[in-house]
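Let me begin by presenting the structure, written as structure tokens, before commenting on it.
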Amino acid sequence: MESKKKTNTKNPWMILPAWETYFYISVHISVVAYITYCVYIASNKYGAFFGGIDFESGWAFIKRGKDNSDFEWHFFYNLFCSIFPSFFAYIALDWVASRHLSFVNLQKNVVSFVFCDTTDIPPGMEDNVIASSTLYCEYLVCLLQSKCLVWIMSIALISTLNIPTCVTWMNSLTPEDSRRNSYYALMATLSLTHLRYTTKRTTKQSESACPTRKPDEEMKQKEEIHFSLLDAFSYCFYYPLFFTGPIITYDDFSKQMNESEKTTLKASELKSIAFRATRVIFWTFFIEFILHFLYVNAFQNNVSTLENIDQWTLWGIGYCQSHFFMMKYWVLFGLPSVVARICGIVPPEGPNYVGHIYKYSDMWKCFDRGMYNFIKRYIYVPLGGSKGNTLQRLVCSASCFMFVFIWHGTEYYIFIWTLLNFIGISLEVFGSWVDKQTAVFHFKTSMPAAYRRIQCFVSAPIAIMSILSAFCFIGGSSIGNIYYQTIIVKGSMKSWLTNLFVMYCCVHSSIEIDKWLERKPKKD
């Protein structure tokens, strides 16, 4: 009997009484269902007052207008519909070239570059000319073998996407259209290619810092340099991941590229790819379907309406908007990843479900994993964040968020978002330090239930700050200010306590979900 009691106390599912755990989960589910219903009611109420530009004719059998106000989803949905046949053509040419031509990196680069130039979509020749010219300049800088110059070049190139003079010049290179699709495509692809340049150059710098054998002759050194340039083109212009990513580090890409010509897809891999493709198709149609009923994007474009709705509906709009953002990027990362996997390249996974994430660090790890890998590998770890003390970790985190701020665009709402994220990460680092103290450790082991309740109580306001910062990032500074004014400034003591209680329950529920995911067998 004693042995059974000991095993039960160590079981993570037995920390809290079962009734208490089910209560927290029930509150979480009930609140989500209620605020989603509030958004549906508000969509029916205000949908007729929204401008016609926010809507288009929906599916005939639904007989409702469809919210078409999210520019990013509208643009990439039409883009992928346009280039979808070219994906099949690319897969066929890639298969032929990998098995019947030598110089695999060269042929993949040529195929990708030709596809980027000849497909009748934005971006086209302008983007490739700018990207190619930039690549040559960066390659010359890389030959100097100075990591400092490499990063100066990288920051300078990323900054050009925010400098008004450079933005005006690049805008003049793209054809005019009503929604500036060509200009947006140019800026989006350049922001991704600049990251790829950085991974390529910093990886080469790391390799050059390691002891290497001396070249036998000067010609061999020239061939190695020539190969590196072609390898850079192959990486930066890889067609399946060129438009939306996700970002894959250069060394992972290079290794998989060299192995792709030697291996063929197994039956289990084909089954996994087919399952992923089915999920992408399902979520694409689900997003299109749900936009007929929940007009969350249209609310973001109508500030006056958003200012006059109740707090529950406001929470619902933010909740639905964040989940729409997650599903959107799951599709935007998912379709290119399927094509890349067919060609032998395995990019990072798409976003995880964000509904049970309550930590800033988990959000960064689980949403854009390619960006997270980039920041961790090329900024945080080289600066010593993984092995430093608490202060050094905070300084390294600040450097990472400064880069994120510059890359996403030096706008006021991006600054607020990155600042709140840095504060949240700093609080987590401080909490981790406190958790390791002897007295806290003894309290955690002797009274795990009480420790869990205190942990969730402390995490609740930080989780609210995390959610509000996400709303600001998705909607912009004006939308973020509405949430701040409505929930924080104008909120009564009753609404504050209600929000804290609900978030307290949601954190409990999220911890239980995390533990269930840890216990769940992982599929290969």
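The values are calculated or read from the model by the stated rules, or taken from the named source; none is laboratory data. All of these numbers come straight from a predicted model, not from anything done at the bench. Every residue, glycine among them, receives a Cβ derived from its backbone with ideal geometry; neighbour counts consider all protein chains shown. We work out accessible area using only protein heavy atoms, side chains counted, and drop any ligands, DNA or RNA first. Shrake-Rupley method; radii C 1.70, N 1.55, O 1.52, S 1.80 Å.
Scanning the range 439-454 for residues that are assigned to a helix (DSSP H, G or I), of a type in the set (A, V, I, L, M) and open to solvent by 70 Å² or more (accessible area, probe 1.4 Å) yields ALA439, ILE454. Of all the residues in the range 262-273, those that are surrounded by fewer than 11 Cβ atoms within 10 Å (Cβ to Cβ) and assigned to a helix (DSSP H, G or I) number 2.
A Cβ distance below 7 Å, combined with a sequence gap of six or more or placement on separate chains, defines the contacts here; from the range 80-92, residues that are farther than 11 Å from ILE342 by Cα reach residues that are open to solvent by 20 Å² or more (accessible area, probe 1.4 Å) and at pLDDT 85 or above in the pairs PHE80/LEU335. Screening the range 14-36 for residues that are among the hydroxyl-bearing types (Ser, Thr, Tyr) and in contact (Cβ under 8 Å) with a residue 40 or more places away in the chain and picking the one that is surrounded by the fewest Cβ atoms within 10 Å (Cβ to Cβ) gives TYR34. Take the conditions open to solvent by less than 60 Å² (accessible area, probe 1.4 Å), assigned by the TED database to the domain that holds LEU419 and touching a residue at least 40 places away in the same chain (Cβ under 8 Å) and apply them to LEU500. Does it pass? The answer is no for LEU500. Filtered by the rule that a residue be β-branched (Val, Ile, Thr) and over 20 Å from the mean Cα position of the chain (by Cα), the range 394-441 gives VAL395, VAL429, VAL434, THR438, VAL440.
Looking only at residues of the range 369-415 that are among the aliphatic types (A, V, I, L, M) and farther than 22 Å from ALA470 by Cα, we find that the one that is surrounded by the fewest Cβ atoms within 10 Å (Cβ to Cβ) is LEU391. Going by the structure shown, is LEU306 surrounded by 17 or more Cβ atoms within 10 Å (Cβ to Cβ) and more than 22 Å from the chain's Cα centre (by Cα)? Here the answer is yes, as LEU306 does meet what is asked. Evaluated against (1) buried (at least 19 other Cβ atoms within 10 Å of the Cβ); (2) under 30 Å from GLY65 (Cβ atoms), THR249 falls short on exactly one condition, (2). For the residues PHE473, PHE457, the requirement of being under 29 Å from the mean Cα position of the chain (by Cα), within 15 Å of TYR319 (Cα to Cα), aromatic (Phe, Trp, Tyr) and part of a helix (DSSP H, G or I) singles out PHE473.
Among the residues of the range 149-166, count how many are farther than 25 Å from TYR183 by Cα and open to solvent by 90 Å² or more (accessible area, probe 1.4 Å). Adding up the residues that qualify gives 1.
Suppose the filter is in contact (Cβ under 8 Å) with a residue 60 or more places away in the chain, assigned by the TED database to the domain that holds MET493, among the polar types (S, T, N, Q) and touching a strand residue (DSSP E or B) at 6+ places or on another chain (Cβ under 8 Å); does ASN301 pass it? No. Residues in the range 41-77 that are exposed (fewer than 13 other Cβ atoms within 10 Å of the Cβ), part of a helix (DSSP H, G or I) and not aliphatic (A, V, I, L, M): ASN44, LYS45, PHE49, GLY52. Candidates in the range 167-186 are the residues that are exposed (fewer than 11 other Cβ atoms within 10 Å of the Cβ) and in a helix (DSSP H, G or I); of these, the one that is modelled with the lowest pLDDT is SER172.
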